[in-house]
Amino acid sequence: MSYWRAAGLNYVNYSNIAAKVVRRVLKPELQANAAKRDETHVKFTPWVKGKPSNEKA
């Protein structure tokens with residue numbers, strides 16, 4: 001079993017934590033470009049009876 005699973009994380013959580021650690025240890029001149037990748041945008045679409053619904057949840 002992977003140690004991240006044993007810690008109660010899924011792979012997405014584990015990879016997000018690893019990415020944040022890598023961004024923090026970069027040299028200051030590289031941190032600005034890496035910080036731009038830290039932002040995420042997520043769009044949720046509710047599904048009703050197997051089809052996407054336009055109603056907001």
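Quick note: the coordinates plus some simple rules give every number you see, no bench work behind them. Here the structure is a predicted model, which means the values were calculated and not measured.
Starting from 0.36 nm per residue, how many nanometres of slack lie between S53 and A6 once their C-alpha separation is accounted for?
Details: separation 47, 0.36 × 47 = 16.92 nm, distance 3.64 nm.
Length gained between S53 and A6: 13.3 nm.
Note on K51: lysines with a C-alpha under 24 Å away, same-chain residues under 8 apart excluded, are K43. From the list (i) 14.5; (ii) 12.4; (iii) 15.7, can you say which value of Kirkwood radius over Cα pairs in Å was derived from the structure given? The value computed from this structure is option (i). Here the Karplus curve 6.51 cos²θ - 1.76 cosθ + 1.60, taken at θ = phi - 60°, turns the phi angles of region 15-26 into couplings of 5, 5, 5, 4, 5, 5, 5, 5, 5, 6, 8, 5 Hz, with x standing for Gly and Pro.
In the chain, helices alone account for a calculated mean residue ellipticity at 222 nm of -14000 deg cm²/dmol, with every DSSP H run of four or more residues adding -39,500 (n - 2.57).
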